[in-house]
Each structure stands twice: as C-alpha cells, then as structure tokens.
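Presented below is the structure to which this report refers.
The values are calculated or read from the model by the stated rules, or taken from the named source; none is laboratory data. These numbers were taken from a predicted model, which means no experiment stands behind them. For neighbour counting, all protein chains shown are included, and Cβ atoms are generated from backbone atoms with ideal geometry for every residue, glycine included. The protein model used for the area step is the full one, side chains on, heavy atoms only, and it has no ligands, DNA or RNA in it. Shrake-Rupley method; radii C 1.70, N 1.55, O 1.52, S 1.80 Å.
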Amino acid sequence: MSVKRDSFSLSFAVGAYGTAFGAASVTAHFTVLQSCILSLLTFSGASQFAVIGVLGAGGSAISGIATATLLGSRNALYGLRMAPILKVRGLKRIVAAQVTIDESTAIATAQKDEADQVTGFWHTGFGVFVFWNIFTLLGALGAKAIGNPSAWGLDAAVPAAFIGLVWPRLTDRKSRLIAGAAVLLSLALVPIAPAGVPIITTALLAIIVGWRA
Amino acid sequence: MTPQWIAVIGTSLLAFTLKYLGHSVPASWLSHPRIQRINTLIPIVLLTALVAVNSVTVKTKIIFDHRLAGLAVAVTALLFKLPFPVIVAGAAIGSAIAYHYKY
C-alpha cells in the first residue's frame, strides 16, 4: 500500500512545519490558544500565516480575515475536484471539507486508481491534521518560552515561510513579473495606507491580469 | 473581544465555508477559465506582498534590518532546493546572527 506510506511521510513532513506556524503566531502576538484554534479550525497553512502576518504587522482584523480568505479560495476549487471522487454527504462531507487542503488533494489526484484516490485523500487529510496541530502547539509553547523573538530570528521566520510557500509557484516569466509587481505595489502603499491594506490590494493585480488571460 | 480573536474566528469560519462550498456547488460554477486563472494568481501576489511587508516594514515605515539577512538565507536555501523546515530555520539563524551584531 504505497499510497498510505506516501500519505504518512508527506503528513509528517508538512505537519512538522506547524512548528514554524506556532512560533510565528506567538511572535505575532497571538496567544498559544489562538494559534492552536487557527490550526484546528482554519487548517490551511497559507491562510493561517497570512492572518498572523497581517495582524503582526499592525493590520486590522478585517484586512487579516480578507487576506486569509482570498488565500483559502483555492480550497474551494480542491473541493470541487474531490467531491465526485469522494461522493460523501452529511457529516462525512463536513469532515471531508475540513481536510480539503493542498496536500490531501495533491496526493489524491496523483493516484490512478479511484480507491487509491479516496485512501490518499483521507490518510493525508487526517495525517496532516494530526501532525500540524501537534507541532503548532509545540512551536507556540517553544516561542513563548524563549522571550525576545528578534534575538532568536523568529521575526525573519515569517517572511521566510511566505517565500517558501510562494517559491514553487514562480515557475514562469508571467508569475515572476506579477510577483515583482506585487512587491512594488505593496511597499509603495505601506507609508500611505493602513497596515494590512497594502497586502490585500495586490489581489487587484491578480484580478486584472487573470481577467484578460 | 481582541482583534486577534475576531481574526481567528472570522478566518476559521470563512475558511471552512469556502472548503464546504467547493464540495457542494455544481462544478460549472467555479470551472470558468477566468476564475481558474485568477485563482492561480491570487496566492502569488498575496504571498509575495506578505514576504515584502514582513521583511522590510515596521508599521508604516520601510526599514532594512536583520530580517533581510534571514531572507537572504531563505532564498539561498530555496536555490539549493532545501526542504521547508531548513528554509525557515536557516532564516531564523541568519536573522538572529545579524541581530546580535546589530544590523
């Protein structure tokens, strides 16, 4: 059953980076409990980093929520793709929705056999969920214990996590150009717009460019 | 309620709503090529803006400090295709060293 083995190793590797989230979240002035709730209920890495990143930089709750929600929109497309494979209703659909993330969809859609697709989805979904939450708690407690986050470099761990998340998406000229434009636009807005607004405004770039193909 | 609690609850509710919608709406609703294209670009612009803002700003000012050393380590680690935890930990170490030497 290589799909189960693949699911487990991916779950552990991805889940371990919950440590970075827990530490970053506490560094951004979220409590340990709030960090854990984000991992349990939001359960979508990029959205979680976004909300703590925006509020940590002084942004409002609204701009944090908006940025995180836009980043989570891809999960809706994953759900769309998984629904005809899983064919679940009621409570099972609620559970399936919660574990619909990058990794569970990626493992499932990489399988040829339909039974393997279902197995891969559930094993990876539950696996990442369990490890991500354990390691979030450990990271949050660790960051809380060490005091001044700058002295331990944790304030650089947040942008490093973001660049690690975006790097694999910068595969062609177009994506690199739009990324460069997003850097310029956001930094140009920093001195004049309320915190958080410079980040969410870059979504306009995606809409304008994506609209015209 | 603190802004952090509002953000935690709001983000969680909307994150689940989006996931559940995907499982529940007819496929034709979200399969338009324009939606697909915008959806591919959204994470690129938001994550890049988050890199920029979290690396070189403090409140409403652009400030270059020890965090850039961490970012440089992260980019180097990415160029060598090192795994995610190494990227984050390497950035923290680079930044901490720069911080102690007062950059």
Label-point gap, in nm, between B:L13 and B:V25 - each point 7 angstrom along Cα→Cβ: 1.9 nm
Counting only complete DSSP H runs, which helices of chain A cover 20 Å or more along their long axis at the Cα atoms and score a mean Kyte-Doolittle of -1.0 or above? A:2-16, A:61-86, A:114-146, A:173-189
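Tell me, what % of the accessible area of the protein assembly as shown is carbon and sulfur with a 1.4 angstrom probe? Show your work: numbers first, answer last.
Details: 10160 of 14250 Å².
Roughly 71 percent of what the probe reaches on the protein assembly as shown is carbon or sulfur.
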Please compute, for peptide A:76-87, the average count of beta-carbon atoms on other protein chains lying within 10 Å of each residue's beta-carbon. 5
Considering all alpha-carbon pairs of region A:64-213, what whole percent are spaced by more than 17 angstrom? 74 percent
Listed by chain and number, the lysines with an alpha carbon less than 25 angstrom from that of B:K102, same-chain partners under 8 positions apart left out, are A:K144, B:K59, B:K61
Quick one: if you stick a label point 7 Å off each Cα along the C-beta vector at A:A151 and A:L184, how many nm between them? 4.1 nm
Taking only the alpha carbons of the protein assembly as shown, what extent do you get along each of the three principal axes, in Å, biggest first? 57, 44, 44
With +1 on each Lys and Arg Cβ and -1 on each Asp and Glu Cβ, how big is the dipole of region A:2-168 about its Cα centre, in debye rounded to the nearest 20? 400 debye
How about A:K112: which lysines have a C-alpha closer than 29 Å to its C-alpha, ignoring those fewer than 8 places off in the same chain? A:K4, A:K87, A:K92, B:K19, B:K81
For the charge dipole of chain A, defined by +1 on Lys and Arg C-beta atoms and -1 on Asp and Glu C-beta atoms about the Cα centroid, which residue among A:V32, A:L70, A:F131 has the Cα displaced farthest towards the positive pole? A:L70
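Calculate the dipole size of the protein assembly as shown relative to its Cα centre from +1 charges on Lys and Arg beta carbons and -1 charges on Asp and Glu beta carbons; express the result in debye to the nearest 20.
Value, rounded to 20: 500 debye.
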Spin-label model distance (nm) - B:T2 vs B:A72, 7 Å beyond Cα toward Cβ: 3.5 nm
Write down the accessible area per residue of the protein assembly as shown in Å², having rolled a 1.4 Å probe over the full set of protein chains. 45 Å²
If the label point is 7 Å along Cα→Cβ of A:T109, which residues in region B:1-19 have backbone nitrogen under 20 Å from it? B:15-19
Ordering of B:70-81, A:168-179 by burial proxy (mean other Cβ atoms within 10 Å per residue, highest first): B:70-81, A:168-179
Calculate the FRET efficiency for B:F80 and A:I192 from the Cβ-Cβ distance with a Förster distance of 30 Å, rounded to the nearest 0.05. 0.20
On average, how many beta carbons from a partner chain sit within 10 Å of the beta carbon of a residue in A:91-101? 3
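With a 1.4 Å probe on protein heavy atoms only, work out how much accessible surface A and B bury together, total over both chains, in Å² to the nearest 100.
Approximately 6700 Å² gets buried when A meets B.
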Per residue convex hull volume, Cα only, region A:170-213, in Å³ is 61 Å³
Charge dipole of the protein assembly as shown built from unit charges on the beta carbon (Lys, Arg +1; Asp, Glu -1), centred at mean Cα; most positive-end Cα among B:N54, A:V166, B:A69 is A:V166
Charge dipole (debye, nearest 20) of chain B; +1 at Cβ of Lys and Arg, -1 at Cβ of Asp and Glu: 140 debye
With point charges of +1 on the Cβ of Lys and Arg and -1 on the Cβ of Asp and Glu, referenced to the Cα centre of chain A, which listed residue (A:S150, A:L80, A:I200) lies farthest in the positive direction of the dipole? A:L80
Calculate the mean, over all residues of peptide A:20-33, of how many other protein chain Cβ atoms lie within 10 angstrom of the residue's Cβ. 2
What is the distance in Å between the Cα centroid of region A:60-86 and that of region B:54-91? 26 Å
